[in-house]
Amino acid sequence: MATRKYRSTLNSTGEQEQTEDQLKQLNKELEHKVQQLTADLTSLLEREKIMNDLKSRFVSMASHEFRTPLTNVLVSTGLLETHIQRRDDEKCAKHIARIKSSVKILTEILEDFLSLNKIEQGQVKPFVTTIDIEEFAEKTTNELAASLKKDQSIIYTVSGAISVKQDINMLKKIMLNLLSNASKYSAEEKTIKWDITVRNNRLVMTVTDSGIGIPVKDQPHIFSRFFRAKNVETMQGTGLGLNIAKKYVELLNGKISFVSMENAGSTFTVEIPVLQ
């Protein structure tokens, strides 16, 4: 009888220890799941907060940036009616151009926001094609020709390989942003230099202007969303262009950098890997 009682107690103790081990394991698993759920919920709330902040800042920015071009459209439309009745073709043409310019500004603002939203949502993926570098440079500069200031010019140079494999649409959006900024922040009659080099499986594009430059204290924030340097706050703009350009560069596994001095111009450099 004593032997049986001893074995029964031993078995009971072993089962209890096994149950305790199982409970400890279950507690660890439960704690891990709670931590994971908490992290997921926190991430979701942060993304929601970012999107709400993005929408809020866009509404604030849009209400300011839309006002001037919309006013121009309304005023020019009213005056256009008068000049049509008087058959004043010269003034009609002037107001039609003003309306077109204002509509273009509004379209660019909306395109910036939509592009940023698509990138943030992960809806933008690279689509690789073979790009003729010379043709790419020519078409990009031609597209910008109409928007340049009086007697401004873009001079491009190409060296290295004549073609690369990359996403041409992303490259075009990046360069249109950098070149249009160079024009916007430079005076009339100035030349903008665009150097393109393909070497060692790298596509390097550099845009140099002699414009107003970026104040030193603003330079750390220049790629931030909605940020505008102090010396351009009175000019038309959303503060999204460079942020979007940087995101496109990163989607192509590249990097973007710049050097700038206030009142002495800026140089932006984009370096993108060439796909084999």
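In the structure displayed, which of Lys104/Lys246; Lys100/Lys149; Lys118/Lys172 lie more than 19 Å apart, Cα to Cα? Please report the intermediate quantities before stating the final value.
Numbers: Lys104/Lys246 23 Å; Lys100/Lys149 16 Å; Lys118/Lys172 17 Å.
Check vs 19 Å cut-off fails for Lys104/Lys246.
For the range 90-208, which semi-axes, largest first and in whole Å, follow from the square roots of 5 times the eigenvalues of its Cα gyration tensor? Don't jump to the answer; show the numbers that get you there.
On the way: eigenvalues 156, 89, 27 Å².
Value: 28, 21, 12 Å, ordered largest first.
Using alpha carbons only, what's the Rg to Rh ratio of the range 117-176 with Rh from Kirkwood?
Working: Rg = 14.0 Å, Rh = 13.3 Å.
So for the range 117-176, dividing Rg by the Kirkwood Rh gives 1.05.
Sorted from largest down, give the three principal axis spans of the alpha carbons of the range 70-140, whole angstrom values.
Over the range 70-140, Cα extents along the principal axes are 54, 33, 11 Å.
Using Cα positions and a limit of under 25 Å, work out the lysines in reach of Lys33, with same-chain residues fewer than 8 apart set aside.
Here the lysines satisfying the reach criterion relative to Lys33 are Lys24, Lys49.
Quick note: the coordinates plus some simple rules give every number you see, no bench work behind them. Keep in mind the model is a prediction, meaning the values are calculated, not measured.
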